[in-house]
Amino acid sequence: MEQEKIMTIHCASCGAPAQYDIVKQNYHCPNCGEDTGTEIPLKKLREFRSLTKTLLEQELPDSQTIACECPNCGARVIVKEHEVTETCIFCQSKILRSNVQMREGFPEMVIPFRLNRKQAEKQLDEWVEKNSDKKESEILKENRKKLKGIYLPYELIRGPIRFNVARDNSDRRYTCGGFLEHVAVNVTERCNNLLLNGMEPFLWEELEPFQFGYIAGHAAEVPTADGEELRRRVFEEVAEEYRPTVERTMQTTGLSLSPSTDALLRMPAFLPVYFLDCGDVQAAVNGQTGKVSVLAAKETRTYPWVIEPLLGTLAVIFFIFFVFRNYGGVPMDPKELFELVGMAGLVAALILFTIFSKGREARVRRKIYKNLVVVYK
């Protein structure tokens, strides 16, 4: 199977590329008109992954001693051969080598580094120069030499997805669905997902079958999650990827999404990242395109549920004002009208904010700064 077509769905009848039909819930061929069930691409992918795993196990170095486990943060990182110790890229602790295990989720594809370290530093320097008014730029400028390249484990996702959607403070449930195209889900807990999302996208046409030679000169973190834990992480990230679309459709941010699908094509891969951790501030540079993403030093709090009770309170205020300003055909005294409207608005606000705030908390997030131009293509 050609590497650029690994995640492409082919018609079971004529072999031409097929497109997903969201109405029929299967793949339809525009060439011959036949349908292909979602189980057939999954079977083909399982066959490919089994073959790839066998080849990788045969390629493992005889010593099988190119993985390190950090005793401090638990990161499990592949490092250069012939090195006895290494410094953890995430917490700077010293770590020792151990054996590589070809467990579930071990990357089978890779996008090679296109930028060297100096080019990545240049991209970061340009971001610092353009954002010199931000506190984060000074911190990054002082620590730029700590920027290190690492292959991070991802799951590449393509295929149909369905969600069970629930609104906050409501027993009603909704179902929605769509098709995910070229979604990359990071499966390590040691990097902020929003930070990594900020340096995407990657150029998928440069995917290559993974070989251990690619990690020469770079560290590579081995996924520690497998089985149900890996599935949970992937679905959680996919839900966040799909959330903005659902929020726009339902016109509210007070939603919980539960993905449910068995038809997604998932391919584990190593993707190239230059990473810099300065404590409260983190930066990532896309090792393929040069796109920069910076995690803000401070958290921001938002209260998305206040919009509904606020609108309800304003509606009550306007209703009382227009009803009572000429009640019975007699203009009401402005002072009395103001007191009536104020009292009605206060009561409405207390009731509505109590109802809508029950069981709902502020959303705490870190702002992500990023450059908008992909430099290296």
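The values are calculated or read from the model by the stated rules, or taken from the named source; none is laboratory data. Computed from a predicted structure; not experimentally measured. Using ideal geometry, Cβ is built from the backbone for each residue, glycine included, and neighbour counts are taken over all protein chains shown. SASA here: full protein model, heavy atoms, side chains in, ligands and nucleic acids out. Shrake-Rupley method; radii C 1.70, N 1.55, O 1.52, S 1.80 Å.
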Lys, Arg +1 and Asp, Glu -1 on Cβ, resulting dipole of the stretch 100-185 about Cα centre, debye, nearest 20: 140 debye
Residue-count net charge about Met343 - beta-carbon cut-off 13 Å; Lys, Arg +1, Asp, Glu -1: -1
Compare the Cα positions of Leu156, Leu140, Val128 along the charge dipole of the stretch 128-167 (+1 at Cβ of Lys, Arg; -1 at Cβ of Asp, Glu; about the Cα centre) and return the one farthest towards the positive end. Leu156
Dipole size in debye (nearest 20) for the stretch 188-286 around its Cα centre, Lys and Arg Cβ +1, Asp and Glu Cβ -1? 180 debye
Solvent-accessible surface (1.4 angstrom probe) belonging to Cys278, in square angstrom, nearest 10: 30 Å²
Counting Lys +1, Arg +1, Asp -1, Glu -1, what net charge surrounds Arg325 among other residues with beta carbon under 12 Å of its beta carbon? -2
Lys335 accessible area, nearest 10 Å², 1.4 Å probe? 140 Å²
By the scheme Lys and Arg +1, Asp and Glu -1, what is the net charge of all other residues having a beta-carbon under 13 Å from that of Val185? -2
FRET efficiency estimate (nearest 0.05) - Cβ-Cβ, Glu189 to Ser256, R0 25 angstrom: 0.70
Which of the peptides 287-295, 307-315 is most tightly packed, and how do the rest follow, going by the mean number of other Cβ atoms within 10 Å of each residue? 287-295, 307-315
